[in-house]
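Taking it in order: structure first as structure tokens, then the write-up.
The values are calculated or read from the model by the stated rules, or taken from the named source; none is laboratory data. Just so it is clear, the model here is predicted, and its values are computed rather than measured. Cβ atoms come from the backbone with ideal geometry, glycine included; neighbour counts cover every protein chain shown.
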Amino acid sequence: MSFFQNNQNAIGLDISDLTLRAVQFKGQGRGLAFEGYGQIDVPPGIIKNGEILEPRTVSDLIKRMISRPSFGRFSTKNVIASLPERRSFIKALEIPQIDSQQLEVTIRQEMSQHVPFSADEIYLDWQMFKSGASADTSRVLIGATPKSIVDSYIAALEDADLRPVSLVIESMAIAYALIPPNAEKNTSAMILDIGLNRTSFLVFDQGAVRFSASSKVISGSAMTRLIAQKLSLSNDQAEEAKRLCGLDPTQGKAVIPKTLMPAIDQLAKQIEKFLQYYKTHVPQANEISQIILAGGGANLKNLTKVLSEKLGRKVVLGNPWCQFEHLQKTKVIPSQQYLSQPTSFGLGLLGLANLSRKKK
Ligand SMILES: Nc1ncnc2c1ncn2[C@@H]1O[C@H](COP(=O)(O)OP(=O)(O)OP(=O)(O)O)[C@@H](O)[C@H]1O
Ligand SMILES: [Mg+2]
């Protein structure tokens, strides 16, 4: 779901609190290739929980990243950027079948009951599905982001001399990267993006993201903090121990796995809670057949195995290369960063003008 549509080739730009990532693809199918790739650190406090606090610094960083890519070059000023999951809302609704003029009014009214903003404080975008639960209803998927956030993102991009052609709620980009267009029609999954300061949970079902939520309690940095506190280590030492041992019981007498277990239990509980919510609150929800893990935090050793045992469900690592395995060999991106890429890859794919998915 994007806030405006344009069919031009564009750079995909993932705006995270401490990292910006930009991808431009070219070609298609087996001929798909990187035109450019760039990544740059953002000093703490410039973007906080998805909110741009220092627009000038963000524009300068974007400019620097675009003019000095780590691979190739960026050949367009068009950009598709992500909107922060934590500041956005996705809602699947069942509404009476009405004419298109009435539709917007109805959607605005409905949405104002579900988000903590008044109707004139948010931008909305929606997608209609052919049929609803009954003959006289339609199913609609709605995305909403506060105007203040959208406007600040557009201003930062324009100040960086880029032309924003679309803004996409992050979960949409992630699902676009991780669920290939030729996936089985009945593919359903909960995708986790275990990031720096939050974990996002999205449900992909019936060809679309139908639910998303974020938790600040569970995150990569929260796991590091837990290790630091419990074992009286510095943050850097705790981060190193986390990456080295993860949940592998054969490492260091299993001290790190034991220390992290309360956080993993919490994560498992949260997954079940959101799956239950999805089943009971979202119209025509299907049983979710698998959990896909992404985000840097998904690199935690043994996480898929441990979660799968706790949940009694299929848990797999997401594959950001699933739509272009041949590019993995180009080594444009270090392998330890693969799981952090779904957002930028999804946006980059959306930025390809001639996507087969768009032609359908
Ligand atoms: N090998 C590893 N084992 C465990 N955790 C890891 C490993 N590598 C990275 N991480 C964790 O991943 C987290 C960062 O995730 P990620 O790169 O997805 O965040 P981001 O995209 O920059 O931020 P955002 O949360 O805004 O999306 C950090 O907390 C880091 O400790
Ligand atoms: Mg991220």
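Yes or no: region 56-63 includes at least one residue that is in a strand (DSSP E or B) and in contact with a helix residue (DSSP H, G or I) (Cβ under 9 Å, 6 or more places away or on another chain).
Here is the first cut: in region 56-63, the ones in a strand (DSSP E or B) are none.
Within region 56-63, not a single residue is in a strand (DSSP E or B) and in contact with a helix residue (DSSP H, G or I) (Cβ under 9 Å, 6 or more places away or on another chain).
Exactly one of (1) more than 16 Å from ligand 1 (Cβ to nearest atom); (2) under 30 Å from Ala285 (Cβ atoms); (3) assigned to a strand (DSSP E or B) is unmet by Gly12. Its number?
Here Gly12 clears every test but (1).
Give the residue, chosen from Arg108, Arg30, that is basic (Lys, Arg), away from ligand 1 (no atom under 16 Å from the Cβ) and surrounded by 15 or more Cβ atoms within 10 Å (Cβ to Cβ). Full working, then the answer.
Values: Arg30 fails: surrounded by 15 or more Cβ atoms within 10 Å (Cβ to Cβ).
When all the criteria are applied, what remains is Arg108.
Does Ala213 fit the bill of being out of contact with any Phe, Trp or Tyr (no Cβ under 8 Å at 6 or more places or on another chain) and not in a loop (DSSP other than H, G, I, E, B)? Let's see the steps before the verdict.
On the way: out of contact with any Phe, Trp or Tyr (no Cβ under 8 Å at 6 or more places or on another chain): no; not in a loop (DSSP other than H, G, I, E, B): yes.
Judged against the criteria, Ala213 is not a match.
If we scan region 259-275, do we find a residue that is over 27 Å from Ala189 (Cβ atoms), away from ligand 2 (no atom under 16 Å from the Cβ) and not aromatic (Phe, Trp, Tyr)? Break it down into steps so the answer makes sense when it comes.
If we filter region 259-275 for residues that are over 27 Å from Ala189 (Cβ atoms), which is where we start, we get 259.
Narrowing further to those that are away from ligand 2 (no atom under 16 Å from the Cβ): 259.
Right, trim to not aromatic (Phe, Trp, Tyr) and you get 259.
Yes, region 259-275 has at least one match.
Give me the pairs: first residue in region 238-264 and more than 16 Å from Ser219 (Cβ to Cβ) and within 10 Å of ligand 1 (Cβ to nearest atom), second residue modelled with pLDDT under 95 and in a loop (DSSP other than H, G, I, E, B), beta-carbon distance under 7 Å, and six or more apart or on different chains, which are they?
Between residues of region 238-264 that are more than 16 Å from Ser219 (Cβ to Cβ) and within 10 Å of ligand 1 (Cβ to nearest atom) and residues that are modelled with pLDDT under 95 and in a loop (DSSP other than H, G, I, E, B), the close pairs are Leu244/Gln251; Cys245/Gln251.
Would you mind telling me which numbered condition in (1) within 16 Å of ligand 1 (Cβ to nearest atom); (2) more than 14 Å from the chain's Cα centre (by Cα); (3) of a type in the set (Val, Ile, Thr) Val140 fails?
(1)
Report yes if some residue within region 345-359 is within 30 Å of Ala238 (Cβ to Cβ), out of contact with any helix residue (DSSP H, G or I) (no Cβ under 6 Å at 6 or more places or on another chain) and not polar (S, T, N, Q); otherwise report no.
Just the residues of region 345-359 that are within 30 Å of Ala238 (Cβ to Cβ), to begin with: 345.
With out of contact with any helix residue (DSSP H, G or I) (no Cβ under 6 Å at 6 or more places or on another chain) added as a condition, the list becomes none.
Taking every residue of region 345-359 in turn, none turns out to be within 30 Å of Ala238 (Cβ to Cβ), out of contact with any helix residue (DSSP H, G or I) (no Cβ under 6 Å at 6 or more places or on another chain) and not polar (S, T, N, Q).
Can you say whether Val332 is β-branched (Val, Ile, Thr), under 22 Å from Leu202 (Cβ atoms), surrounded by 14 or more Cβ atoms within 10 Å (Cβ to Cβ) and more than 16 Å from ligand 2 (Cβ to nearest atom), as far as the supplied structure shows? Full working, then the answer.
On the way: β-branched (Val, Ile, Thr): yes; under 22 Å from Leu202 (Cβ atoms): no; surrounded by 14 or more Cβ atoms within 10 Å (Cβ to Cβ): yes; more than 16 Å from ligand 2 (Cβ to nearest atom): yes.
Here the answer is no, as Val332 does not meet what is asked.
Step by step: first the residues of region 248-270, then only those that are polar (S, T, N, Q) and assigned to a helix (DSSP H, G or I), then the one that is farthest from the chain's Cα centre (by Cα). Which residue is that?
Taking region 248-270 first, the residues polar (S, T, N, Q) are 250-251, 259, 266, 270.
If we keep only those that are assigned to a helix (DSSP H, G or I) too, we end up with 259, 266, 270.
Working: Thr259: 28, Gln266: 21, Gln270: 18 Å.
For region 248-270, the residue satisfying everything is Thr259.
Taking the options Glu309, Glu325, Glu272, name whichever one is modelled with pLDDT under 95 and not polar (S, T, N, Q). Steps first, answer last, please.
On the way: Glu309 fails: modelled with pLDDT under 95; Glu272 fails: modelled with pLDDT under 95.
Going through Glu309, Glu325, Glu272 in turn, just one is modelled with pLDDT under 95 and not polar (S, T, N, Q): Glu325.
Quick test of your reading of the structure: Gln127 fulfils all but one of (1) modelled with pLDDT of 90 or more; (2) more than 24 Å from Asp60 (Cα to Cα); (3) of a type outside the set (A, V, I, L, M, F, W, C). Name the failing condition by number.
(1)
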